[in-house]
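Student: Before I ask anything, let me first share the structure, which is written out below as structure tokens.
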Amino acid sequence: MSKLIEFDEKQQVFHLHNQNISYLFSVEKGGTLSHLYFGKRVRSYHGGLTYPKLDRGFSGNLPGDLDRTFSRDTLPKEYSGAGEMDFHSPATIVRQANGSNAVFLHYAGYEIAPGKPKLPGLPAAYVENADEAETLTVKLIDDLTGLEYDLLYTIYRDRDVIARSVKVANKGKESVHLEKVASMQMDLVGQDLEAITLPGAHVNERHPQRSRLVQGRHVFESRRGTSSHQMNPFVALVDPKTDEFAGDAWGLALVYSGNHEFELEKDQLNQLHITVGINEYNFSWKLNPGDSFQTPEALLVYSASGLNGMSQTFHSLILDRVMRSKFKKAPRPILVNNWEATYFDFTEDKLKEIVDEAKELGIEMFVLDDGWFGHRDDDYSSLGDWQVFAKKFPQGLKHFADYVHGQGLKFGLWFEPEMISYDSDLYRTHPDYLMQVPGRKPSPARNQYLLDLGRKEVRDNIFDQMTKILDGGSIDYIKWDMNRHLSDIYESDLPADQQGEVYHRYVLGLYDLFERLVDRYPDILLEGCSGGGGRFDIGMAYYCPQIWASDNSDAIARLVIQYGTSLVYPQSMMTSHVSVSPNEQNGRITPFDTRAAVAMCGDLGYELDLTKMSDEDKAAVKKQVADYKQIRELTQYGKFYTLKAPLDSNEAAWMTVSDDRNEAIVTTVEIMSYAQPYLTKTKLAGLDPDKDYEDLATGQVYGGDELMNLGFYDPTQPRKDFTAKMYHFKAVDQH
Ligand code: GLA
């Protein structure tokens, strides 16, 4: 096996490389690490990027060294401490007993090992065998405090990604407070890049935004305690010319479900200083002598083939080496969920009618959403009481689950384990489980409050309650929801000088609960949810192979949401449902087949009252379900290409292609209809240019090169808004 990581002793340069990418950094004067390069693979490095030595005014020098041409301020950074003659945002800030926050990190050696270590308590990308990756650990030391920073870099042999994280160990004699520990830092010089971020809102998640970076510090972050609807933990840096198919793209994502911070600082020299990690807002981690702290992992992807190349690298990494679930490559069941069908207002009999209808239509799973527990008839009560609501299920939940199974469907159940209602037995028995600041009234959101998940006792209580429902073996799937963000940050078990740990402890507590759940119930399919896609991140992907992409189920609104999501996350991770028209979130009226075509971009489901549908619509559902079963392996797991991004555009188009390039599904959507339409074309991607492909609907055969270079005209009929069309192509010698 060829080596993936080398250290050139003479030049003091680390080179991580595989067939496609190289990552280079050097050790400079004063043991300073300096970033050199991350991009297309180079065979070897001969010093071309030696940083020019210039005396820059007001960028001072190393302590005890009068060389005015060497400054940590201007040198491209790899990992910097506060107070070390560097005026950029530091990677780490440490408050010490004497009040100082400075550390002066210097290089103290390295190790290279096969494989990739697990990160204690945190989700991370993994390896299945040690040959597939190598890990470099570079040690930086601060002499005064005795802090040791292990910078971890993993490079995979066959993936264009570097995984970075940091472990800080206190080898000194005094306790310190870590006020910031970034997972990665990197400076890019002489490249005028744009940033693509994924901001959003509830029912409006992950709307890509592309911006020029001007001088100053740009921060893309969440302070909501979760990865959030408002800013996904991801940034892509792209050349201004980069598009879906061509150009450089660097994708940075954090494997973390809490407060994150992506800092892009364009400095006085137009150098771009990048720092990614846990948000420093209200973060202060006490590190006693002998203790260590592990940061979450940052994933750095490089693509020379535009955004599709970047997304495909993320998709296959997340599917193959982040998700642990046995369902990660399994056909995802077509489900019907009763939320938009009934909301809280249901009886067992009503649900049975939906189940019966689902069976008729070929649907494979029934999901019982909110309202089945405690005495929950609205959102004022019962969170924290995970016992079945006897009024709705007089013979118990198992009785109903048996009915669902008897009809040949799987049975899924909704939980919101992180929450508590004032009106709950849990609150009446354990008022202290509710997260609140002593002496202050906590703020409600959706009439509910947070549990103090940092406390083991609280987690044990919730987990025990869940096991009582789950141990019966009747539950095939869980939808794990979270319907508010964190406020009133305080953990009653912690002393005053550790209250800055609460946000992170909450996330660690959440991961601990998930660990217990997946260990004990490996046969349950987990779906993540947070008011739709409010916690759609790679940390969650480690546990939940699928996540409800948005509470907005309108097909046209979903075009942008799903496009934004697909920049990082594989299509099988997005659940996407057909709901009623007019849509309940935005009132839009869309054709039924368009709703289905858009939902089939992810894992198809239905979120409506099947019993209230017309016979015509039922027949349509039956056909959609049958058709989807034929193509779902391809749509869920094929290589995904965005052909036309639905941003400032009247069209959207995407496709998935099988690994052997013998089969493809293409979906096009025309948003508004025009009386005098301009003609538009769709050109395909990822096919074999030398093969011929048949359009299975028409029998027409085209060359792969023809479909990719000439394309075809988009339909101009029917004349109505919001039309979609799906094409299924098969290589002609394959059937
Ligand atoms: C959230 C979810 C919905 C539904 C409701 C139930 O909003 O995103 O799908 O489960 O909660 O309260």
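Student: Based on what the data block shows, is Lys77 closer than 30 Å to Leu144 by Cα, among the charged types (D, E, K, R) and either modelled with pLDDT of 95 or more or not assigned by TED's automatic domain parsing to the domain that holds Ala182 (or both)? Lay out the reasoning, then the answer.
Tutor: Details: closer than 30 Å to Leu144 by Cα: yes; among the charged types (D, E, K, R): yes; either modelled with pLDDT of 95 or more or not assigned by TED's automatic domain parsing to the domain that holds Ala182 (or both): yes.
Judged against the criteria, Lys77 is a match.
Student: Taking the residues in the range 336-354 that are away from the ligand (no atom under 12 Å from the Cβ) and not acidic (Asp, Glu) as candidates, determine which candidate is nearest to Arg520 (Cα to Cα). Quick ask: steps written out before the conclusion?
Tutor: If we filter the range 336-354 for residues that are away from the ligand (no atom under 12 Å from the Cβ), which is where we start, we get 336, 345-354.
If we keep only those that are not acidic (Asp, Glu) too, we end up with 336, 346-347, 350-352, 354.
On the way: Val336: 26, Phe346: 31, Thr347: 31, Lys350: 32, Leu351: 29, Lys352: 29, Ile354: 30 Å.
Of everything passing the filter in the range 336-354, Val336 is nearest to Arg520 (Cα to Cα).
Student: Determine if the range 399-410 includes at least one residue that is crowded, with 22+ Cβ neighbours inside 10 Å, within 24 Å of Asp460 (Cβ to Cβ) and among the aromatic types (Phe, Trp, Tyr).
Tutor: No.
Student: Can you confirm whether the range 634-647 contains a residue that is surrounded by fewer than 18 Cβ atoms within 10 Å (Cβ to Cβ), in contact with an Asp or Glu (Cβ under 9 Å, 6 or more places away or on another chain) and of a type in the set (D, E, K, R)?
Tutor: Looking through the range 634-647, none of the residues is surrounded by fewer than 18 Cβ atoms within 10 Å (Cβ to Cβ), in contact with an Asp or Glu (Cβ under 9 Å, 6 or more places away or on another chain) and of a type in the set (D, E, K, R).
Student: On the basis of being β-branched (Val, Ile, Thr) and part of a helix (DSSP H, G or I), does Val625 make the cut? Lay out the reasoning, then the answer.
Tutor: Values: β-branched (Val, Ile, Thr): yes; part of a helix (DSSP H, G or I): yes.
For Val625, the condition - β-branched (Val, Ile, Thr) and part of a helix (DSSP H, G or I) - is met.
Student: Among the residues of the range 515-537, which ones are farther than 24 Å from Leu486 by Cβ and open to solvent by 10 Å² or more (accessible area, probe 1.4 Å)?
Tutor: Here is the first cut: in the range 515-537, the ones farther than 24 Å from Leu486 by Cβ are 519-525.
Within the range 515-537, Asp519, Arg520, Tyr521, Pro522, Asp523, Ile524 qualify.
Student: Among the listed residues Gln209, Gln230, identify the single one that is touching a Pro at 6+ places or on another chain (Cβ under 7 Å), farther than 23 Å from Val502 by Cβ and open to solvent by 10 Å² or more (accessible area, probe 1.4 Å). Please lay out each step first, then the result.
Tutor: Numbers: Gln230 fails: farther than 23 Å from Val502 by Cβ.
From the options Gln209, Gln230, the qualifying one is Gln209.
Student: Please work out if Arg224 is part of a strand (DSSP E or B) and either at pLDDT below 95 or open to solvent by 50 Å² or more (accessible area, probe 1.4 Å) (or both). Break it down stepwise before answering.
Tutor: Numbers: part of a strand (DSSP E or B): no; either at pLDDT below 95 or open to solvent by 50 Å² or more (accessible area, probe 1.4 Å) (or both): yes.
No: the conditions fail for Arg224.
Student: If you scan the range 538-551, which residues turn out to be part of a loop (DSSP other than H, G, I, E, B) and either more than 16 Å from the ligand (Cβ to nearest atom) or open to solvent by 10 Å² or more (accessible area, probe 1.4 Å) (or both)? Spell out the reasoning first.
Tutor: Taking the range 538-551 first, the residues part of a loop (DSSP other than H, G, I, E, B) are 542-545, 549, 551.
Passing the criteria: Tyr542, Tyr543, Pro545, Asp551.
Student: OK, next. Look at Ala163 and say whether it is in the same structural domain as Ala182 (by TED's automatic domain parsing), open to solvent by 40 Å² or more (accessible area, probe 1.4 Å), in contact with a Ser or Thr (Cβ under 7 Å, 6 or more places away or on another chain) and assigned to a strand (DSSP E or B).
Tutor: Details: in the same structural domain as Ala182 (by TED's automatic domain parsing): yes; open to solvent by 40 Å² or more (accessible area, probe 1.4 Å): no; in contact with a Ser or Thr (Cβ under 7 Å, 6 or more places away or on another chain): yes; assigned to a strand (DSSP E or B): yes.
In short, no.
Student: Being free of Cβ contacts under 8 Å to residues at least 60 places away in the same chain and open to solvent by 30 Å² or more (accessible area, probe 1.4 Å) is the filter; apply it to the range 461-486 and report the residue that is nearest to the ligand (Cβ to nearest atom). Full working, then the answer.
Tutor: Initially, the range 461-486 is screened for residues free of Cβ contacts under 8 Å to residues at least 60 places away in the same chain, giving 461, 463-464, 467, 470-471, 473.
With open to solvent by 30 Å² or more (accessible area, probe 1.4 Å) added as a condition, the list becomes 461, 464, 471, 473.
Working: Asn461: 21, Asp464: 23, Asp471: 23, Gly473: 23 Å.
By that ranking, first place goes to Asn461.
Student: Any residue at all in the range 497-505 that is aromatic (Phe, Trp, Tyr), at pLDDT 95 or above, within 16 Å of the ligand (Cβ to nearest atom) and surrounded by 17 or more Cβ atoms within 10 Å (Cβ to Cβ)?
Tutor: The answer is no; no qualifying residue exists.
Student: Take Asp512 and decide whether it is over 17 Å from Phe283 (Cα atoms) and either open to solvent by less than 40 Å² (accessible area, probe 1.4 Å) or of a type outside the set (A, V, I, L, M, F, W, C) (or both).
Tutor: Criteria met by Asp512.
Student: May I pose another question? Can Val437 be described as touching a strand residue (DSSP E or B) at 6+ places or on another chain (Cβ under 9 Å) and either open to solvent by less than 30 Å² (accessible area, probe 1.4 Å) or closer than 25 Å to Val507 by Cβ (or both)?
Tutor: Numbers: touching a strand residue (DSSP E or B) at 6+ places or on another chain (Cβ under 9 Å): no; either open to solvent by less than 30 Å² (accessible area, probe 1.4 Å) or closer than 25 Å to Val507 by Cβ (or both): yes.
So Val437 fails the test.
Student: Follow-up question, since we're still on this one. Could you tell me which of the residues Ile556, Ile561 is within 16 Å of the ligand (Cβ to nearest atom) and assigned to a helix (DSSP H, G or I)? Spell out how you get there, then give the answer.
Tutor: Numbers: Ile556 fails: within 16 Å of the ligand (Cβ to nearest atom).
Step by step, each of Ile556, Ile561 is checked, and only Ile561 is within 16 Å of the ligand (Cβ to nearest atom) and assigned to a helix (DSSP H, G or I).
Student: Regarding the range 670-680, can at least one residue be identified that is outside the structural domain of Ala557 (by TED's automatic domain parsing) and open to solvent by less than 20 Å² (accessible area, probe 1.4 Å)? Break it down into steps so the answer makes sense when it comes.
Tutor: Taking the range 670-680 and keeping what is outside the structural domain of Ala557 (by TED's automatic domain parsing), we get 670-680.
Cutting the leftovers down to open to solvent by less than 20 Å² (accessible area, probe 1.4 Å) gives us none.
Within the range 670-680, none of the residues are outside the structural domain of Ala557 (by TED's automatic domain parsing) and open to solvent by less than 20 Å² (accessible area, probe 1.4 Å).
Student: Here's a follow-up. Can you name the residue in the range 528-537 that is assigned to a strand (DSSP E or B) and either acidic (Asp, Glu) or in contact with a Phe, Trp or Tyr (Cβ under 7 Å, 6 or more places away or on another chain) (or both) and is also farthest from the ligand (Cβ to nearest atom) among such residues?
Tutor: So the residue we want is Gly528.
Student: For the range 598-607, does any single residue satisfy the condition of being free of Cβ contacts under 8 Å to residues at least 60 places away in the same chain, open to solvent by less than 10 Å² (accessible area, probe 1.4 Å) and of a type outside the set (Lys, Arg)?
Tutor: Just the residues of the range 598-607 that are free of Cβ contacts under 8 Å to residues at least 60 places away in the same chain, to begin with: 599, 602.
Filter once more, keeping what is open to solvent by less than 10 Å² (accessible area, probe 1.4 Å): 599, 602.
Filter again for of a type outside the set (Lys, Arg), leaving 599, 602.
Within the range 598-607, one or more residues are free of Cβ contacts under 8 Å to residues at least 60 places away in the same chain, open to solvent by less than 10 Å² (accessible area, probe 1.4 Å) and of a type outside the set (Lys, Arg).
Student: If you don't mind, there's one more thing I want to ask. Please pick out the residue among Arg588, Arg661 that is open to solvent by 30 Å² or more (accessible area, probe 1.4 Å), on the phi > 0 side of the Ramachandran plot and modelled with pLDDT of 95 or more. Lay out the reasoning, then the answer.
Tutor: Numbers: Arg588 fails: on the phi > 0 side of the Ramachandran plot.
Result of the check over Arg588, Arg661: Arg661.
Student: Pro442 is checked against (1) under 30 Å from Ala496 (Cβ atoms); (2) within 16 Å of the ligand (Cβ to nearest atom); (3) touching a strand residue (DSSP E or B) at 6+ places or on another chain (Cβ under 9 Å) and fails just one. What number does that condition carry?
Tutor: Unmet for Pro442, out of (1) under 30 Å from Ala496 (Cβ atoms); (2) within 16 Å of the ligand (Cβ to nearest atom); (3) touching a strand residue (DSSP E or B) at 6+ places or on another chain (Cβ under 9 Å): (2).
Student: State the number of residues belonging to the range 1-46 that are modelled with pLDDT of 95 or more, part of a loop (DSSP other than H, G, I, E, B) and either open to solvent by 20 Å² or more (accessible area, probe 1.4 Å) or of a type outside the set (A, V, I, L, M, F, W, C) (or both).
Tutor: In the first step, residues of the range 1-46 are kept if they are modelled with pLDDT of 95 or more; the result is 3-46.
Adding the requirement that they be part of a loop (DSSP other than H, G, I, E, B) leaves 3-4, 9-12, 18-20, 41-46.
If we keep only those that are either open to solvent by 20 Å² or more (accessible area, probe 1.4 Å) or of a type outside the set (A, V, I, L, M, F, W, C) (or both) too, we end up with 3, 9-12, 18-20, 41-46.
Total satisfying the criteria: 14.
Student: Another question about this same structure. Which residues, taken from the range 375-388, are in a loop (DSSP other than H, G, I, E, B) and either open to solvent by 20 Å² or more (accessible area, probe 1.4 Å) or outside the structural domain of Ile469 (by TED's automatic domain parsing) (or both)?
Tutor: Initially, the range 375-388 is screened for residues in a loop (DSSP other than H, G, I, E, B), giving 375-380, 382-387.
Correct list: His375, Asp377, Asp378, Asp379, Tyr380, Gln387.
Student: While we're on this one: Output the residue which, of all residues in the range 648-658 that are part of a loop (DSSP other than H, G, I, E, B) and not charged (D, E, K, R), is surrounded by the fewest Cβ atoms within 10 Å (Cβ to Cβ).
Tutor: Applying the first criterion (part of a loop (DSSP other than H, G, I, E, B)) to the range 648-658 yields 648-650, 658.
Filter once more, so that each one left must be not charged (D, E, K, R): 649-650, 658.
On the way: Ser649: 12, Asn650: 16, Ser658: 18.
Among residues in the range 648-658 that are part of a loop (DSSP other than H, G, I, E, B) and not charged (D, E, K, R), the one surrounded by the fewest Cβ atoms within 10 Å (Cβ to Cβ) is Ser649.
Student: Does at least one position in the range 510-527 carry a residue that is hydroxyl-bearing (Ser, Thr, Tyr), within 16 Å of the ligand (Cβ to nearest atom) and not in a loop (DSSP other than H, G, I, E, B)? Give the steps one after another, and end with the answer.
Tutor: Residues of the range 510-527 hydroxyl-bearing (Ser, Thr, Tyr): 511, 521.
After this cut, where a residue has to be within 16 Å of the ligand (Cβ to nearest atom) as well, the list is none.
No, the range 510-527 contains no residue that is hydroxyl-bearing (Ser, Thr, Tyr), within 16 Å of the ligand (Cβ to nearest atom) and not in a loop (DSSP other than H, G, I, E, B).
The values are calculated or read from the model by the stated rules, or taken from the named source; none is laboratory data. Computed from a predicted model, the values in this text were never measured in an experiment. Neighbour counts are summed over all protein chains in view; Cβ atoms, including those assigned to glycine, are modelled from backbone coordinates with ideal geometry. Please note that ligands, DNA and RNA were not included when accessible areas were found on the heavy atoms of the full protein model with its side chains. Shrake-Rupley method; radii C 1.70, N 1.55, O 1.52, S 1.80 Å.
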